[in-house]
1. Could you check how many residues of the range 232-249 are farther than 23 Å from Tyr288 by Cβ and either without any contact (Cβ under 8 Å) to a residue 40 or more places away in the chain or within 16 Å of the ligand (Cβ to nearest atom) (or both)?
2. From the list Phe284, Phe246, exactly one residue is within 30 Å of Gly195 (Cα to Cα), of a type in the set (Phe, Trp, Tyr) and at pLDDT 95 or above. Which is it?
3. If you check every pair at least six apart or on different chains, which have Cβ atoms under 6 Å apart with a residue in the range 209-220 that is under 11 Å from His278 (Cα atoms) first and a residue that is outside any loop (DSSP other than H, G, I, E, B) second?
4. With respect to Arg123, is the statement that it is of a type in the set (D, E, K, R), within 16 Å of the ligand (Cβ to nearest atom) and part of a loop (DSSP other than H, G, I, E, B) true?
5. Give me the residue from the range 71-112 that is assigned to a strand (DSSP E or B) and within 13 Å of the ligand (Cβ to nearest atom) and, out of that set, nearest to Val289 (Cα to Cα).
6. If you take just the strands (runs of 3 or more DSSP E) that sit entirely in the range 207-324, which of them hold at least 2 residues that are surrounded by fewer than 15 Cβ atoms within 10 Å (Cβ to Cβ)?
7. Being within 22 Å of Asn202 (Cβ to Cβ) and of a type in the set (A, V, I, L, M, F, W, C) is the filter here, so list the residues in the range 38-69 that pass it.
8. Would you mind telling me which numbered condition in (1) part of a helix (DSSP H, G or I); (2) in contact with a helix residue (DSSP H, G or I) (Cβ under 8 Å, 6 or more places away or on another chain); (3) not polar (S, T, N, Q) Arg58 fails?
Amino acid sequence: MKISDMLYSRMEKSLNNLIKYKRVLVPNKETPVEADKNANMNLIIWGDPQISFISPLRSARVYSACRDVENSNSEFDALVMLGDITEYGAKCEYAFTKKLLSGIENKFSNIFAVTGNHDIRLRNYKKQTARFNSFLNSFENGKASKNGKYYFSTYVNGYKFIMMGADRTAFEASYISDEQLEWLDKELKAEQNSGKPVFIFNHQPLKNTNGLPVTFLGKGKWRGTVGRESDKLREIFEKYGNVLFFTGHLHYCTSQYTYEDCVRFKAISVPTVGVINHGEFGKFTQGYVVSVYDDKIIARARVFGEGKYVESSVPNSEFQIDLK
Ligand SMILES: [Fe+2]
C-alpha cells in the first residue's frame, strides 16, 4: 500500500471515529444557510480549511460545515476557499478534502480555491501547481488555471473573479511576479468602465490592513501579509478603485478587523473554517455568506458547524458595501 493511501485511510478512520463518538459539531437545521434569490450572485467564502493528516479535528470541522451547506435548500453561485486548503500540500490531504466536499459540490455552480503558503511551502512548484489544479478539476464545477500557474480570471454572473497565487515556492509570504502584477493591472483596466466591482481572491492580506500586525498575533512588520509585493499590489488596487480583496491566512475570528474600507478598495479578511480562530469570537467553522446586488453587497458571518449566523453583537457579523 502506498503511503498516501495509508494516510488517507487513517484520515478516514479518524473522522469516522469522531463522528461515532459524537465529537463533531452538528449544525442546527432550523436556521439553514440561505442564498437570496433576489441577489445577482450568492457566494459562500471560507478561509483556510487546512486539512491535515495529523489533525483529524480539522477534517471534523470542515465535515460539520459541509453538513450545514447540505442542509440548505439554496444553491449558490460559488464556493471560494481562500488558501491553505491543506497543511502540507500532500496528495492524501487533497484527496480527503475532495471527499469532504463531495456531498455539497452540487450546491455550487463554481468551486474556486486559491493556494496558501501551506499548500506550496514544502513542494516543487511545477508539481504542486499540477496537483492543486487537478484537485480543483476533480469537481464537476471546479475552476482552475489552465496556464500551469495558479492565477487566472473568469466571470461569474457577469462579475470578474480574479484568483491570485504565488509564482514560486515560498514559506510564509506569497511571491507575486512582475508578470502577474502586469497581468492584474490589465485585467482591472479592462473592467475599469464596467461599473461593477471586481472580486479578487488571495491567501494573504496586504500590509497594514485588517488589523495587521495584531491579527497575526503582532509578530513582525511583514508577517501575515502578501510580502514584498504588498505595496505594488496596493498601488494597482488604488489605481482602479473597484476592487474587493478577499483573503484568509490570519485565522482571526469575525471581528472589527474583518472588513476594512480602504477607500479605493475594500479588504475582507475571512476567518478559518478548519483551524482555531484567534480573537474574542473564537468559534470554530466561521465563514461568510455574500450576496451581491446592483447597488450593494451584503456579507453575513456564519458559524457553519453550528448552523447559525453570527449574533449581531459581534462586530462585522453583517456588513454592507455600497456600490456606486
Ligand atoms: Fe496561511
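1. Counting residues in the range 232-249 that are farther than 23 Å from Tyr288 by Cβ and either without any contact (Cβ under 8 Å) to a residue 40 or more places away in the chain or within 16 Å of the ligand (Cβ to nearest atom) (or both) gives 2.
2. Phe246
3. Correct list of pairs: Thr215/Tyr252.
4. In short, yes.
5. For the range 71-112, the residue satisfying everything is Met81.
6. Qualifying strands (runs of 3 or more DSSP E): 318-322.
7. Answer for the range 38-69, where residues must be within 22 Å of Asn202 (Cβ to Cβ) and of a type in the set (A, V, I, L, M, F, W, C): Met41, Leu43, Ile44, Ile45, Trp46, Ile51, Val62, Ala65.
8. Here Arg58 clears every test but (2).
The values are calculated or read from the model by the stated rules, or taken from the named source; none is laboratory data. Just so we're clear, the structure is a prediction, and the values are computed from it rather than from any experiment. Methodologically, a virtual Cβ is constructed for each residue, glycine included, from the backbone with ideal geometry; neighbour enumeration extends over all protein chains shown.
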